[in-house]
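**Q** Quick one: the structure is below, questions incoming.
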Amino acid sequence: MNRRHILRCAALGCTVPVIALGAAACGGSSSSGGGSGSNASSGSKSSGSVSGKSVVFIPGATGVGFYNTMGAGIQAAAKKYGMNYSTQGAADFTPSAQTPIVDGVCSKSPSVLIVAPTDPNAMRSSIQRCMNEGVKVVTVDTGLTNTSGLVSAITSDSKQGGEEAGDLVGKLLHGSGQVATLSLSPTATTQVQRVDGFRTALKKFPHIAIVSNQYTQQAESSSLTTARSVLSSHPSVKAFFGAAEPNTEGVAQAFTGKKIINIGYDADPPEVQLLKQGKISALVIQQPAKEGQLAVEYAADALKGDTAAIKKSVDLPNVLITTAQANSAKAKKYYYTSSS
C-alpha cells in the first residue's frame, strides 16, 4: 500500500482553527472510497476494437458529488474509445437498493459494468451473475471481499486517509478530548477502512476518546440530526470525523455557536464552500474522475485481450486540505467538478 501520498498539513503551511459553526444552506450530499494495491497510469492501446461497446456505471448512490464526478470521468473515457455510456443507480447506499439495479443491468449484458458495491459480500452474487454473462466488471470506490473474476478493483487509500484525519484531530485537540465519528455503513469497505484508520491514528493520543460511532443514512439531513443527537448525549464532544460527504456537510449545518472541529471526506462544490468558510476544518479528497477513467481503460484492454498493463488492485492517493489551504493552487486541482 502506498503510504505517504496525502499532502501533509505542514506542506502547505496549515493553520486550522477550531471553528464556530452556524447553520448553512448547502446543496448536495454524498458518499464515498477503500482498498489495497498500487498507483497506476494509463496502459491502454488502440481503441478501435472496442468502438460501439457499452459501458454502464452503477454508483453506490445517486445525487452524490463524488460519484457524479466519477461518472463524468467514465463518460469522457468511454467517449474517447467510441464506447456507449449510461448510468443507473439508487438513491440509498444499501445492498437492498443496489441489487435490483445490478440485476436489471446485467440482464441486458452490457460489454462493461463499472460498479461501486454497497456491501463487500451481499453484492457479490449479483455481480457474479453479470460476470457469468461475459460482462467485464471493474469495481470502483468500494470493493468486494471476493475479487475473483474482476478486471480490476480501483479505489483510494481509505485507511491512510482516516489516519491523516486522526493525526490532525489529535493535534488540534492538543492530545486530549472527546471525539465522535459518523459513517454511512458498518460494512462498506471504504467506510470501514476510514474509521479504522482514524482510530489507529488516535491511539497515539491516549487522552482522546471516541465516545460515539454512528451510522447514518445517505441523506445529509440524517447526519445533521445524528450530529445534534450525539452532542446532546455527549456535550463535551469537540471534534467530528465524517467518513463520507453527507456526514461532513450534515455536521457543518448541525450547530449554531458551538465550537467544533469538523473533518471529513471528499470535495464537492458545497463542501468546498463550507471548507473556505471554516465550517469544515479539513477534507480528505479523492480522485474520482481518475478512478473512472482508469476503470474504462482497463475494461477496454480486457475486451481486447490486452491484459499486460492491467493492475488487479489499485490504490490512488488522496490529499488532505485544510481551511487555510482551501484557496491554494494545489488544493483547487483536486476539487470535484460535480455536485448533486
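The values are calculated or read from the model by the stated rules, or taken from the named source; none is laboratory data. Source: prediction; values computed, not measured. Glycine also receives a Cβ, built like all others from the backbone with ideal geometry; neighbour counts cover every protein chain displayed.
**Q** Would you say residue 320 is touching a residue at least 40 places away in the same chain (Cβ under 8 Å) and part of a helix (DSSP H, G or I)?
**A** no
Matching residues to (1) surrounded by 19 or more Cβ atoms within 10 Å (Cβ to Cβ); (2) closer than 18 Å to residue 188 by Cβ:
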site: 69; (1), (2): yes, no
site: 72; (1), (2): no, no
site: 91; (1), (2): no, yes
site: 111; (1), (2): yes, no
site: 123; (1), (2): yes, yes
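**Q** Report the residue count in the stretch 156-171 for those that are out of contact with any Asp or Glu (no Cβ under 8 Å at 6 or more places or on another chain) and among the charged types (D, E, K, R).
**A** 4
**Q** Is it true that residue 76 is farther than 15 Å from residue 140 by Cα, part of a helix (DSSP H, G or I), out of contact with any His (no Cβ under 8 Å at 6 or more places or on another chain) and modelled with pLDDT of 95 or more?
**A** Spelling it out, residue 76 is indeed farther than 15 Å from residue 140 by Cα, part of a helix (DSSP H, G or I), out of contact with any His (no Cβ under 8 Å at 6 or more places or on another chain) and modelled with pLDDT of 95 or more.
**Q** So which residues in the stretch 53-67 are part of a loop (DSSP other than H, G, I, E, B) and surrounded by fewer than 24 Cβ atoms within 10 Å (Cβ to Cβ)?
**A** Result: 53, 62, 63.
**Q** Something else now. Which of the residues that make up the stretch 232-247 are in a helix (DSSP H, G or I) and surrounded by fewer than 19 Cβ atoms within 10 Å (Cβ to Cβ)?
**A** 232, 233
**Q** Answer yes or no: is there a residue in the stretch 94-106 that is surrounded by fewer than 16 Cβ atoms within 10 Å (Cβ to Cβ) and of a type in the set (Asp, Glu).
**A** Scanning the stretch 94-106, I find at least one residue that is surrounded by fewer than 16 Cβ atoms within 10 Å (Cβ to Cβ) and of a type in the set (Asp, Glu), so the answer is yes.
**Q** Looking only at residues that are in contact with a Ser or Thr (Cβ under 9 Å, 6 or more places away or on another chain) and part of a helix (DSSP H, G or I) in the stretch 79-95, which one is farthest from residue 293 (Cα to Cα)?
**A** Here the answer is 95.
**Q** Suppose we keep only residues that are surrounded by 24 or more Cβ atoms within 10 Å (Cβ to Cβ) and not polar (S, T, N, Q) within the stretch 138-150. Which one would you say is nearest to the chain's Cα centre (by Cα)?
**A** Only one residue tops the list, namely 141.
**Q** Just to verify a result, which residue in the stretch 272-301, among those that are under 15 Å from the mean Cα position of the chain (by Cα) and either assigned to a loop (DSSP other than H, G, I, E, B) or modelled with pLDDT under 95 (or both), is surrounded by the fewest Cβ atoms within 10 Å (Cβ to Cβ)?
**A** So, considering only residues that are under 15 Å from the mean Cα position of the chain (by Cα) and either assigned to a loop (DSSP other than H, G, I, E, B) or modelled with pLDDT under 95 (or both), the one surrounded by the fewest Cβ atoms within 10 Å (Cβ to Cβ) is 287.
**Q** To continue, here is another question. Is it the case that some residue within the stretch 207-215 is outside any strand (DSSP E or B) and either among the polar types (S, T, N, Q) or at pLDDT below 95 (or both)?
**A** no
**Q** While we're on this one: Does residue 309 satisfy being hydrophobic (A, V, I, L, M, F, W, C), surrounded by fewer than 24 Cβ atoms within 10 Å (Cβ to Cβ) and part of a loop (DSSP other than H, G, I, E, B)?
**A** Spelling it out, residue 309 is indeed hydrophobic (A, V, I, L, M, F, W, C), surrounded by fewer than 24 Cβ atoms within 10 Å (Cβ to Cβ) and part of a loop (DSSP other than H, G, I, E, B).
**Q** Out of (1) surrounded by fewer than 23 Cβ atoms within 10 Å (Cβ to Cβ); (2) under 29 Å from residue 58 (Cβ atoms), the odd one out for residue 229 is which?
**A** (2)
**Q** Additional query: Counting just the residues of the stretch 74-89 that are of a type outside the set (Ser, Thr, Tyr) and under 19 Å from residue 133 (Cβ atoms), which one comes out surrounded by the fewest Cβ atoms within 10 Å (Cβ to Cβ)?
**A** Out of the qualifying residues, it is 88.
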